[in-house]
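Let me begin by presenting the structure, written as structure tokens, before commenting on it.
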Amino acid sequence: MSVHISTNQCRTINFQRRQRIAITGFCRVTKYRPCRVCRKPDWCGYTTDEQTSICMRISNGSTGTSRNGGNIFHHNRLFLVANPRTNRKQAPPPIEIAPIEVRNAVYQELIRRSPALKYYSQLIDGPSGLLSRGLRESDTQNYGALPRTHKERASLAHTLNTFVTVRFPEYARRSTHAAVIGVPGFWQPETGIIQLWSPRDYNMPLLVIPYRDDQGRIQACQLRLH
Ligand SMILES: [Zn+2]
């Protein structure tokens, strides 16, 4: 498949804050709508239906290369770089994304506490597990897993929130939000119980695929549903 980014295909409306809203075709990312893969505000692009990103920086995990040399990502799989859609009325004001040091530490701790290896028969050895996709056994330890039920994920989120308050005490005190809020994937409804990913239960654990920057730090994770 070949995807071509052309800025003239991207019709835009200018709003007061020069926020660009696309109507058709492909658009370039902006600081208001950064790249969903690398989070940067320039160079990359996306389709206006939000189903496909063309990232110019990260190739790991892409499904192909576009005509302009970008890496194609289809978002039919879930992405931890954004929080799941919740009821708009209940959605709190936007929260600033946690710095890379915090994100990296939280995602590393998540993978350490909840490795894909914990669900060996489902995520590693299963019909569409990591081994069936050609990964070596030794590589599988780099992947994490989100438990199947929202209760188990909330428990993991609680543990990781405590981790942030201990590891980054100053950062944790920055606002009234729970410490881990700001790391994509974590959110806090009015009940106050921190949630990790969606409020629903799945049939199987979710595979967590880390995306690292050029210094090896985990900047985001992709979730894969089986
Ligand atoms: Zn990008």
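Tabulated data for the structure shown
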read-out	value
Computed Rg/Rh of the range 140-226, alpha carbon atoms with Kirkwood Rh	0.98
Where trypsin sites (Lys or Arg not before Pro) fall in DSSP loop in the range 129-161, at most 14 other Cβ within 10 Å	R136
Cα-projected label distance for R174 with H74, points at 7 Å along beta-carbon direction, nm	3.6
Charge sum, other residues only, whose C-beta stays under 15 Å from T149's C-beta, Lys/Arg counted +1 and Asp/Glu -1	+3
Local electrostatic count, R217, Cβ distance below 10 Å [Lys/Arg +1, Asp/Glu -1]	-1
Simple label model, 7 Å out from Cα along Cβ direction - E137 to S59, nm	3.0
R67-T165 pseudo-label distance in nm [points 7 Å out on the Cα-to-Cβ vector]	5.4
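The numbers here are math on the coordinates, done by the rules we state, and not lab data. Note that the structure is predicted; figures quoted are calculated from it, not measured. Backbone-built Cβ (ideal geometry, glycine too); neighbour counts: all protein chains shown.
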